[in-house]
Amino acid sequence: MRKGKNNRLVLLGIALVSMVVLLCLISFIYLPHDPNNMNTLDRLHRPSGEYFLGTDQFGRDILSRIMVSTRYALLVGLVSVSVGASIGVVIGSIGGIAKGVLQSVIMRIIDGFMAFPGMLLALMLVAVTGKGLWNSVLAIAIFMIPTYARLAYSLVIDQKNELYIKAAKSYGATPLRIIGKHILPSMLPKLITQFSSSIGGAILLESSLSFLGLGVQPPNASLGLMLSESRQFTLSYPYLAIPSGIVLVIAILGFNLIGDALNDYTVGRRTSA
Amino acid sequence: MVKYTINRLLSGVVVLFVISWITFFVLTVIPGDAALLSLGTDATPERLEALRESMGLNQPWYERYFSWLTHFLAGDWGNSLFFGEEVLTLIMQRLMITVSLAVFSLLLAIPVAAIIGILSAIYQDKWIDRLARTVMQLGDAIPQFWLALIFLVFFSGKLGWFPVPGFIPVEEGWWRSIQSLLLPSIVVAIGLVGYLIRIIRSSMLSALEQDFMLMTRVNGLSSAQAVFKYALRSAVIAPVTTILMQLAGLLAGTVLVESIFALPGVGRLLLVAVEQRDVILLQGTVMFITGVVVCVNFLADILYRVINPMIQFGGERNA
Amino acid sequence: MSSKLMEVRGLTIKDSSGTVLVENVSLELNDKEFVGIVGESGSGKSLTTQAILNVLPKSLQAEYKQLALMDRSVEGLDAAQIRALVGREIGFVPQNTVSFLHPLIKIKHQIGDAYMRHMKKSRKDAYAKACRLLSKVGIKDPDRVMNAYPFQISGGMKQRVNIALALMTDPKAIIADEPTTALDTVIQRQVMDLFDTMNRLEGVPILFISHDLNIIRRYCSRVYVMYKGKLVESGSTELVFSQPKHPYTRQLLDSTMTIK
């Protein structure tokens, strides 16, 4: 029974992610309207045959803007997490293999990064790098590093004591070779699990930065930015906050569900939900 | 216990130093020219040079770091470039609002999360547990700013239950002041509930698996006694410390809500510092928030030992 | 003639996937008896007693043709009534390796809970009775132990507290599940002598679970041998040990012989 329920949640996650990916892929082939075209005659248009999800305060087609936004959401999610995870794994692995002073220096620095709560680190980085899409990708990537460094570190420490690693060492394998050949493959399941959950977190963070006006810049469309731009109009026309918000929740929920399912699969379902 | 406390204290101090170094490095070394970063490219060369001089940018970075650190430790956090006032004063003026917001949201979130978390562990896989897991998933997936926006439109705009965004100072009446913080607190609380349920539920689940639960059954104790006296006793420890740590983290976790509800708190100050690239203000605010987080984590760690006599006496493996 | 304090017929236990863990076990405990169940770990002896006590983990399912406690069938009793009956009339002594007592509650605050509930006594009565029982099981300073947390006392002491806890409600029968495992031989001997005294002097019947043949042989009058979830042999200890019929019993006996 539990297994069945779990499977249903994975399917839901996959379905949600597929919806977002599909919106993104279609946006490259077909868009109902130019997402940045301001049609002043059609401002705040209700959903209709012409504008499937209506238009915003500048008369831009909401569906087209959402479709273009999913590109950014997925781009930021994939790129920032990939970059952050790669760097994090390298740092964490070095920390795990290194001895003495080097090890404690690396780990203390990671501890320091981990002590920044929530989006504080990302905000600080954006202040330095400046607003914009790529700068927020960079900030989110750096934001991800400590998590992966910690994960890789603990996995390496676990593995280091395993017999086969000791055996490999005894016939003189170099540390790099040990990581590549032995440790990395055994880390993969946990890394993939963390990866999926991180993408949800990265999309959330990107939308938050864009909402604050620090991420994707107008006139481009991003889910967070669309919500931010709609703020003055939501009191008179609340509908504006609905479509982009729902797509955002779908994207985050989808990746989180897949991440949780992978986690249950690798760790075994006990106390986690 | 004393030895442990000293150890934790030392490692807390080390982390604080690392943080100060990271903050300093990110904000004043990476950009190359913090003065240019702060004033923008359209600033006059004279102003730039003056700021460089006052920030000591013409010295090597390690000298700057030590000079900044010694001033910082002495309570001289510098003047905000944007506000022109002392950073520490600016933070203190706004601290009350953010702390109130954090405390209110925890007060709202804890009872709800405790009830759902405990029941979902006792009735694992029943409807209440499914509800709890749905709340956890949605809590993770719904962006706080979107929730804030929707609540603002619906409860404040359509229904008129709450005042319009903005903070009403205490001088204009206690109740009105609290009211102005209520809706933002609810939004923050909803975000917290999912997280807290997760902690409470898993802590309770592991308590229910303990051997002493067999004892309560063999001895025919009532379910209420088994749950409230025995299971809760061990389940409560982990969440208490987690909640403390959450409280500290909320100092930086209310940026979005403060921005949407126009509350002049520490989060807003942080945002202004980021938007204005006010390096000195940002440095001070970041150091303040992370400093509080590290201190609270230290206290939570010690508290964990105090409320858990088993670790306190070092007798875990006495059996 | 003698009354049956515990009796189970045709007990089968399955887990959620339907795997049979205990199959068609029947056993009984009569008045004044000291009965042993012997078998290796995983043979289902603990599960059998948990089924009798109605405290199997939720994930396991027990079926039986008949289950009687204190000479009365549990058929028609609801879960709460069975629980009260077991709590009042049967004392359970666990393995001393488990933290049967709550680690974060002082002993005085938990030893009397069942007593107060089932016998409708006050906290003061419970304290007095607990001290009496603690002295009886050989604890010289009951007050100190009562005010300690379980992890502050030694393993042997803890097991005596567990026994005292089991005796609080003046149970009509005792089930002890490997109570001496992980105790050193001197304390093991003391604990076993305690059980023996209770049985011989006060006539308290004891169902004693162990994998230790030497203990079973020394103290038990009757024995059940379990192997892979089945009852393979039963009878008087003397008979079973002198003329073992089942190959497993023989193997068990041989192995202890060689150790000796």
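The values are calculated or read from the model by the stated rules, or taken from the named source; none is laboratory data. All values reported here derive from a predicted model rather than from experimental measurement. Every residue, glycine among them, receives a Cβ derived from its backbone with ideal geometry; neighbour counts consider all protein chains shown. With ligands, DNA and RNA removed, areas are computed over all heavy atoms of the protein, side chains included. Shrake-Rupley method; radii C 1.70, N 1.55, O 1.52, S 1.80 Å.
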- [ ] Run a plain Debye calculation on the range C:168-260 (Cα atoms as equal point scatterers, no solvent) and give log10 I(q)/I(0) at q = 0.23 Å⁻¹, rounded to two decimals, same order as the q list.
- [x] -1.31
Open item on the list: Report the rotationally averaged projected area of the range B:90-177 based on its alpha-carbon convex hull, in square nanometres.
Closed with: 7.8 nm²
Open item on the list: Taking the square root of 5 times each eigenvalue of the Cα gyration tensor, what semi-axes in Å does the equivalent ellipsoid of chain A have, largest first?
Closed with: 42, 21, 14
Task: Solvent-accessible area, 1.4 Å probe, carbon plus sulfur percent, for chain A - done: 67 percent
Open item on the list: Buried by at least 50 Å² relative to the chain on its own: which residues of the range B:199-243 qualify, computing accessible area with a 1.4 Å probe on protein heavy atoms?
Closed with: B:Asp211, B:Phe212, B:Leu214, B:Met215, B:Arg217, B:Val218, B:Asn219, B:Gly220, B:Leu221, B:Lys229, B:Tyr230, B:Arg233
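Of C:Lys58/C:Lys228; C:Lys120/C:Lys158; C:Lys58/C:Lys136; B:Lys126/C:Lys14, which ones are farther than 29 Å apart at the Cα?
Listed pairs above 29 Å: C:Lys58/C:Lys136.
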Open item on the list: Need one number for the range B:121-168: average projected area of the convex hull over its C-alpha atoms, nm².
Closed with: 5.1 nm²
Task: chain A: angle of helix A:184-211 to the longest principal axis, Cα-based, in degrees nearest 10 - done: 30 degrees
Task: Along each principal axis, Cα extent of the range C:28-90, largest first, Å - done: 34, 34, 22
Open item on the list: Compute the helix-to-body angle for C:185-202: its Cα long axis versus the longest principal axis of chain C, expressed 0 to 90° and rounded to tens.
Closed with: 90 degrees
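Just need the Rg to Rh number for the range B:112-221, please, alpha carbons only, Kirkwood Rh. Intermediate results must be reported in sequence, preceding the final value.
Details: Rg = 19.2 Å, Rh = 16.3 Å.
Ratio of gyration radius to Kirkwood radius for the range B:112-221: 1.17.
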Task: Charge context of A:Leu123, other residues only, Cβ under 15 angstrom, K/R +1, D/E -1 - done: -1
Open item on the list: Suppose we keep just the alpha-carbon trace of the range A:20-177; what are its Rg and Dmax in angstrom?
Closed with: 23.3, 77
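Accessible area of the range B:51-128 with a 1.4 Å probe: how many percent of it is carbon plus sulfur?
Carbon with sulfur: 67 percent of the solvent-accessible area.
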TODO: For the range A:60-119 and the range C:179-231, write down the distance between their C-alpha centroids in whole Å.
DONE: 60 Å
Open item on the list: With the cut-off at 1.5 for a/c, could you classify the range C:92-211 from its C-alpha gyration tensor as rounded, prolate or oblate?
Closed with: oblate
Open item on the list: If you scale each eigenvalue of the Cα gyration tensor by 5 and take the root, what three semi-axes come out for the range C:65-129, rounded to whole angstrom and sorted largest first?
Closed with: 26, 17, 9
Task: Helix axis angle, A:242-267 relative to chain A longest principal axis, alpha carbon, degrees - done: 20 degrees
- [ ] Quote the total accessible area buried by chains B and A together, excluding ligands, DNA and RNA, probe 1.4 Å, nearest 100 Å².
- [x] 4300 Å²
TODO: Find the percent of Cα-Cα distances in the range B:212-319 that exceed 17 Å, and round it to a whole number.
DONE: 68 percent
- [ ] Find the accessible area per residue for the protein assembly as shown; the probe is 1.4 Å, ligands and nucleic acids are left out, and the unit is Å².
- [x] 45 Å²
Task: Principal semi-axes in Å for the range B:67-111 [√(5λ), Cα gyration tensor, largest first] - done: 31, 13, 6
Open item on the list: Against the 2.2 N^0.38 Å scaling, with N counting residues, where does chain B land? I'd like the Cα-based Rg ratio to two decimal places.
Closed with: 1.21
Open item on the list: Rounded, prolate or oblate for the range B:1-148? Axes are the square roots of the Cα gyration tensor eigenvalues, ordered a ≥ b ≥ c, and the cut-off for rounded is a/c under 1.5.
Closed with: prolate
Task: Per-selection metrics, the protein assembly as shown (Cα): Rg and Dmax in Å - done: 33.4, 112
TODO: In whole angstrom, note down how far apart the Cα centers of the range C:37-108 and the range B:263-289 are.
DONE: 61 Å
